[in-house]
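Let me begin by presenting the structure, written as structure tokens, before commenting on it.
The values are calculated or read from the model by the stated rules, or taken from the named source; none is laboratory data. Since the model is a prediction, treat every value here as computed from it, not as a measurement. Quick reminder, even Gly has a Cβ in these numbers, built from the backbone with ideal geometry, and neighbours come from all protein chains shown. For the accessible areas, the whole protein counts, side chains as well, though only heavy atoms, and no ligand, DNA or RNA atoms are used. Shrake-Rupley method; radii C 1.70, N 1.55, O 1.52, S 1.80 Å.
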Amino acid sequence: EGARDGVLVARSAALVRQARPDLAAIERLPCQGLILTARADPDDPACQFVFRFFAPRLGIAEDPATGSAQCSLIPFWSDRLGLPAQGLSSRQLSSRGAELHGRLTQGAGGEERVVVSGGAVTVITGTMAVP
């Protein structure tokens, strides 16, 4: 309740990889997007969890690299796996794919924050004039 995105946990990374979501059904959900996630395969030491992100309500069938999903996933997987949230790694299993890293920190007012890092892909360049 109150979350921006819904989170659905699958039994395996293979199920996340193979999922063919019903985008019309996802669009009717009372959230902005849906995160499908699972624990990473045991033979994949590079990350602790995998995920995909769908937001048809925003005109995005599947987002290729979603840093904002880490705000939900880092605290969730830290708790679920019993690992400190000072450095969890994930793999987004979209067609383009992404590897993201996240950690929990405390803001100046004591609030919990998630710091996200990873590679970037330039999708547009240009110059903007601001009056």
Can you tell me which of ASP63, ASP43, ASP22 moves the most in a GNM of the chain? Springs connect C-alpha atoms under 10 Å apart. ASP43
Taking the chain and counting helices only, DSSP H stretches of n ≥ 4 at -39,500 (n - 2.57) each over all residues, the nearest-500 ellipticity at 222 nm comes to -4500 deg cm²/dmol
1.4 Å probe accessible area per residue over the chain, in Å²: 62
Simple spin-label model, 7 Å along Cα-to-Cβ: ALA129 to GLU111 in nm? 3.7
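Give me the percent of the accessible area of the chain that comes from carbon and sulfur atoms, probe 1.4 Å, all protein chains in place. Write down the numbers at each step before the final one.
Working: 4280 of 8110 Å².
Carbon and sulfur atoms account for 53 percent of the accessible area of the chain.
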Once the Cα atoms of the chain are picked out, what are the Rg and Dmax in Å? 15.6, 54
